[in-house]
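Read through the structure below, which is laid out as structure tokens, and then see the notes.
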Amino acid sequence: MVEQYDMYIQGMGWPIANPSQRVRRRLGDNATLLFELDGSAIAYVLGINAQREMGPARRLIEQRVPVDLAELADPAKPLNAMLKAKA
């Protein structure tokens, strides 16, 4: 976690050298998430001003939940819903 001027930057997971996909989820003017996938599971996420989204993203990484790329990019689709879909 780093606070740089008006930006709150946080990473979770482990960045991999050659991710199978990178997906950006725009959350607003100053907020975004960048996901790196290893196959269909998230390996790493970088959040900028996205504190509320980092908890569900961490659980998706820990549980290696397979994700749909379109849903991952869509800010209208809650990350928590992806966790519930696995259950």
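Could you look at the chain and say what percent of its accessible area is carbon and sulfur, using a 1.4 Å probe and all protein chains?
Details: 2720 of 5460 Å².
Looking at the chain in its full context, I get 50 percent from C and S.
How large is the translational diffusion coefficient of the chain in µm² per second when you combine the Kirkwood radius over alpha carbon pairs with Stokes-Einstein at 37 °C and 0.692 mPa s? Kindly include the intermediate steps, with their values, before the conclusion.
Values: Rh = 12.9 Å.
D, rounded to a whole number, is 255 µm²/s.
Can you give the local net charge around Ala31? Use residues other than it whose beta-carbon is closer than 12 angstrom to its beta-carbon, Lys and Arg +1, Asp and Glu -1.
On the way: positive: Arg24, Arg25, Arg26, Arg52; negative: Asp6, Asp29, Glu53.
Charge balance in the 12 Å sphere: +1.
Taking the chain as a Gaussian network, Cα atoms linked when under 10 Å apart, which of Asp29, Asp38, Asp68 shows the biggest mean-square fluctuation?
Asp29
May I ask for the net charge around Tyr44, where only other residues with Cβ less than 9 Å from the Cβ of Tyr44 are counted and Lys, Arg are +1 while Asp, Glu are -1? Write down the numbers at each step before the final one.
Details: positive: none; negative: Glu36, Asp38.
Once all neighbours under 9 Å are counted, the net charge is -2.
If I fit a long axis through the Cα atoms of helix 51-62 and take the longest principal axis of the Cα atoms of the chain, what angle between them do I get, 0 to 90°, rounded to 10?
Between the helix axis and the principal axis of the chain, the angle is about 30 degrees.
Using a Förster distance of 25 angstrom, determine the FRET efficiency expected from the C-beta separation of Ile9 and Glu62, and round it to 0.05. Numbers along the way, then the final one.
On the way: r = 21 Å, r/R0 = 0.83.
E(calc), rounded to 0.05, equals 0.75.
The values are calculated or read from the model by the stated rules, or taken from the named source; none is laboratory data. Remember, it's a predicted structure, so these values are computed and weren't measured experimentally. Please note: Cβ atoms are built from the backbone with ideal geometry, for glycine as well, and neighbour counts cover all protein chains shown. Calculation scope for accessible area: heavy atoms of the full protein, side chains included, ligands and nucleic acids excluded. Shrake-Rupley method; radii C 1.70, N 1.55, O 1.52, S 1.80 Å.
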